[in-house]
1. Just the residues that are farther than 21 Å from A:Met229 by Cα, without any contact (Cβ under 8 Å) to a residue 60 or more places away in the chain and either part of a strand (DSSP E or B) or of a type outside the set (S, T, N, Q) (or both), please, taken from the range A:117-149.
2. Is it true that A:Ala156 is of a type outside the set (S, T, N, Q) and either within 13 Å of chain B (Cβ to nearest Cβ) or under 30 Å from B:Val171 (Cβ atoms) (or both)?
3. Name the residue, out of B:Phe248, B:Phe216, that is within 7 Å of another protein chain (Cβ to nearest Cβ), over 23 Å from A:Arg170 (Cα atoms) and either open to solvent by 10 Å² or more (accessible area, probe 1.4 Å) or part of a helix (DSSP H, G or I) (or both).
4. If we scan the range A:35-45, do we find a residue that is within 22 Å of the chain's Cα centre (by Cα) and free of Cβ contacts under 8 Å to residues at least 24 places away in the same chain?
5. Among the residues of the range A:159-171, which ones are farther than 30 Å from B:Arg203 by Cβ and either among the charged types (D, E, K, R) or open to solvent by 70 Å² or more (accessible area, probe 1.4 Å) (or both)?
6. Within the range B:71-92, take every residue that is β-branched (Val, Ile, Thr) and buried (at least 24 other Cβ atoms within 10 Å of the Cβ) and give me the one that is farthest from B:Glu155 (Cα to Cα).
7. Is there any pair linking a residue in the range B:1-26 that is closer than 17 Å to B:Val60 by Cα to one that is part of a helix (DSSP H, G or I) and open to solvent by 10 Å² or more (accessible area, probe 1.4 Å), with Cβ under 6 Å and at least six apart or on different chains, and which?
8. Collect the residues in the range B:183-209 that are at the interface with another protein chain (Cβ under 7 Å from one of its Cβ atoms), open to solvent by 20 Å² or more (accessible area, probe 1.4 Å) and farther than 30 Å from B:Thr152 by Cα, keeping them in residue-number order.
Protein chains: 2
Amino acid sequence: VICRLAVVGLGLLGGSVARLARAKGLAEHIVAIGRSPEGLEAARRDGVVDEITTDLAAGVRSADLVMLATPVAVIGRLLPEAWRAAPPDCVLTDVGSTKRTIVRIAESLAASRPLAFVGGHPMAGSERSGYGVSRADLFRGALVVLTPTDGTPAEALKRVSELWEAAGARVVIMDPDTHDRAVAAVSHLPHLVADALVDAVLRLDPGFLGVAARGFRDTTRIAASDPQMWREIFQQNRDALQEALGAFRAALDDLEQLVEAGDAAAVEAELARIKAARERLESRAAAPERSSAP
Amino acid sequence: VICRLAVVGLGLLGGSVARLARAKGLAEHIVAIGRSPEGLEAARRDGVVDEITTDLAAGVRSADLVMLATPVAVIGRLLPEAWRAAPPDCVLTDVGSTKRTIVRIAESLAASRPLAFVGGHPMAGSERSGYGVSRADLFRGALVVLTPTDGTPAEALKRVSELWEAAGARVVIMDPDTHDRAVAAVSHLPHLVADALVDAVLRLDPGFLGVAARGFRDTTRIAASDPQMWREIFQQNRDALQEALGAFRAALDDLEQLVEAGDAAAVEAELARIKAARERLESRAAAPERSSAP
């Protein structure tokens, strides 16, 4: 059990962590830290948190676990102050969608003051955001990637893993670089592509949206996500996104050339290969959950 | 009421038309025409159709409505034989995903023998196919585009519209060219893009699929569609797909350049504009259904 859990940023993810910790009794005392007291009041009224503050240093001062759950660009900016204020036995972790930058900042801070940091990324977003849509079961069945480095104490990794496993999530360990390349491919690239699909129809004729059916709706659902959050993600993960865009453009060009060439058998073989890969993904999602934490 | 309905091709769409006509009593007698008797037997056993045959001419001989529901490339090949065998007062219609080619064939056939043809496209597909997944309510709430031309008798358009309205569909009238450009943008392009997204991840590292969450699943669901059907659609609608691909590439390039330039405000403004367009689409889907048939 966590004695004192500090959640920094009480949006969809931070709010859901607080709700979950309260519902499952994972923490004795929960303090929420945010920019404006008004935004935090709702959580105190709900009984989801015990204490609220806009003072980061005061909020983390006696915490044994600090969960940084602000937008990804803000995590990097708040980390130095949280690092200075946290007690020596404290474990810091985060929910940022990209990991290289944050882990690099944590490592440079650890050089002057050793403190346990575990990079984390719960893959349980939504196109909606804010405390109002947070819920205790948000992470059930979700994947949570943790990105420890050589400097991460095993005990700290264990504590953070246990929190996510108590949430019903599946914990996977990756190095920060692999994580960022993987999410560029399966999350950031599809987002940019969904945005471009909507924009393409607007460029051709906005009236065409009148015949959009389920296929278009599914493919572009994520284009309705929060602009600021995604601008930050795209910029933080720019080089990995560029790599993923390169692979995507090559794949699209090759498919178009096959269609242009008119070789029916070759087009069908390509589509069948891709369909098979997509179906393996679906059968994996349906398989029973397993933890791959060490 | 239709006296004798002939459904050519008893897959997802043809099977659903037959089930719907039976369930709502829209046709007195239903004949199903297909390639192999085994494939049709199930529908006769179910009582969904009254008569089955592999002989197209015999099947349509005394029909007053013929629904061509084979894959899109096959419709064009079967149309001449169905045209010759159908009685003079018969109305022919189809469910093909592209309309210019089929309507052009019908118009050239009408030059030698006047007969009523109404091009149709119910936008109610699925990544699954075959009679086994057909259902009477498949078209409820779906959009059905009809593409009459100057040569289409108003009475024929009315009969086909009424059938789809009885199915609970929303009927929209478009010219064949606009239809093909619109579906290239909102259906065929998203399909090709979904295929390329899956292939891009396979090219980068198939292991990355291990962290694919809901966003990737939604965006690529349609990549699990039938390869033969989609190869035919891509090839039939090649020039409109090319136009849509051009607009998509331009949109993607512009978004990437904005991200590269690092102008936060400009990126957020673009994402906000696209999000607003996507949200209008969602609110339109939630609005009460209206028929826009003339």
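The values are calculated or read from the model by the stated rules, or taken from the named source; none is laboratory data. If you're wondering where the values come from, they're calculated on a predicted model, not measured in any experiment. All Cβ positions, glycine included, derive from the backbone under ideal geometry; neighbour counts span all protein chains shown. With ligands, DNA and RNA removed, areas are computed over all heavy atoms of the protein, side chains included. Shrake-Rupley method; radii C 1.70, N 1.55, O 1.52, S 1.80 Å.
1. Those that are farther than 21 Å from A:Met229 by Cα, without any contact (Cβ under 8 Å) to a residue 60 or more places away in the chain and either part of a strand (DSSP E or B) or of a type outside the set (S, T, N, Q) (or both): A:Phe117, A:Val118, A:Arg140, A:Pro148.
2. Numbers: of a type outside the set (S, T, N, Q): yes; either within 13 Å of chain B (Cβ to nearest Cβ) or under 30 Å from B:Val171 (Cβ atoms) (or both): no.
Answer is no for this residue.
3. Values: B:Phe216 fails: over 23 Å from A:Arg170 (Cα atoms).
Every option except B:Phe248 fails the conditions.
4. The answer is yes; a qualifying residue exists.
5. From the range A:159-171, those farther than 30 Å from B:Arg203 by Cβ are A:159-168; that's our starting set.
Result: A:Arg159, A:Glu162, A:Glu165.
6. Step one: of the range B:71-92, the residues β-branched (Val, Ile, Thr) are B:72, B:74-75, B:91.
Still in the list and also buried (at least 24 other Cβ atoms within 10 Å of the Cβ): B:75, B:91.
Values: B:Ile75: 23, B:Val91: 9 Å.
Result: B:Ile75.
7. Close Cβ pairs satisfying both conditions: B:Leu10/B:Tyr131; B:Gly15/B:Tyr131.
8. B:Leu202, B:Arg203, B:Leu204
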